[in-house]
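The values are calculated or read from the model by the stated rules, or taken from the named source; none is laboratory data. The shown structure was predicted, so the numbers you read here are calculated from the model rather than taken from an experiment. Because the Cβ atoms are built from the backbone with ideal geometry, glycine has one as well, and the counts that use them run over all protein chains shown. Just so you know, the surface numbers come from the protein's heavy atoms only, side chains and all, with ligands and any DNA or RNA stripped out. Shrake-Rupley method; radii C 1.70, N 1.55, O 1.52, S 1.80 Å.
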Amino acid sequence: MGRIALKKYNKNHSQLIMKEYLNNIFYSHKLQPIKNDDICAEAFNFSEQQRIATLLMGIMKNCLQDEQLKITANSFMRPFFWYATENNNIGKSCKYVGQPFWSKKAIYQYLIAKLDNYHSREKGLRHEHSIPIKLLIQKAWEFPTEVSSLIRKYSRAVILTKEEDDSLKKLGLNSNMPDGFNWENPNLLMRYESISGIEIYDTRYTLLNQLIYAKRDELKEIIQSR
C-alpha cells in the first residue's frame, strides 16, 4: 500500500485511513484468529500469577474452618483474580495495552480512536475474563489447595468492545459459561464463539503490537512510512 496522507483529516477520514491500513495488514500478513491452544498456553504474566496465587492460598488456608471468615474473604477475593489477568510480570497494571488477546473489532476501535481522540482511546473497551471471575472463586473454594493451578490454567483476559461485551450479557454469559463447558478440557474461547462476529487475535508477534503501543504521532509516522 502506498503512502497515506495524514496532513488534513476529519473524524470520518481518519476512520477510513485506519480501516484501510488495518485491512491491508490483516490481508497481507494473513493474520488468523487464535485457537484455544493459543490462549491456553502459558500466560504472558505467569510469574505474577504464581505470586498472586501464593498470597491467595495463604488467606484461604486460614478460612477453611471458619464460615464467617470465608464470607469475609469472599468480599476481597475478586481483586486477586482480576490482577491475575491485569498485572504483568513485574506487577504493573496493563488493563488494555500489554494484553496479548484482542478482538478484531477492539483492535480497529482502539487504533481509530488514537487518530480521532487519543485521550479517549480506551473508552468503549472492556477487559473481559475468558472464564468469569465468579466461577473461578467458586472453584477456588472447592479446591483451595489447587488455586495456583486454577489461576495458571484458567485466568486469561480478552480485550473486547463494549458492544461485544453487551452481546455476552444478553446471552447471560457475562457471569456463566455456555452449556457443555468442560473444566477438565476447557475451551477458553467458548463464550466468544457463542457470539457471531467475535474473532480473537494475538497481538504480540505482529505489526499490531507496534501499533497498539505507539503514541499518536508515532502511529501517524508508521502509517505514512508504508
Which residue, of I222, I212, is part of a helix (DSSP H, G or I), free of Cβ contacts under 8 Å to residues at least 24 places away in the same chain and farther than 29 Å from L55 by Cβ? I222
Answer yes if at least one residue in the stretch 145-155 is more than 24 Å from Q50 (Cβ to Cβ), modelled with pLDDT of 95 or more and out of contact with any strand residue (DSSP E or B) (no Cβ under 7 Å at 6 or more places or on another chain), and no otherwise. no
When the stretch 72-120 is examined, which residues are found to be part of a loop (DSSP other than H, G, I, E, B) and closer than 29 Å to Y21 by Cβ? N88, C94, K95, Y96, V97, G98, Q99, P100, N117
Filter the stretch 66-98 down to residues that are of a type in the set (D, E, K, R) and more than 22 Å from R126 (Cα to Cα) and give me whichever is most open to solvent (accessible area, probe 1.4 Å). E67
Where a residue in the stretch 110-139 is farther than 19 Å from K95 by Cα and at pLDDT below 95 and its partner, wherever it lies, is open to solvent by 30 Å² or more (accessible area, probe 1.4 Å) and charged (D, E, K, R), with Cβ under 8 Å and at least six apart: L115/R216; L115/K220; D116/K11
Can you tell me how many residues within the stretch 156-194 are among the basic types (K, R) and open to solvent by less than 20 Å² (accessible area, probe 1.4 Å)? 2
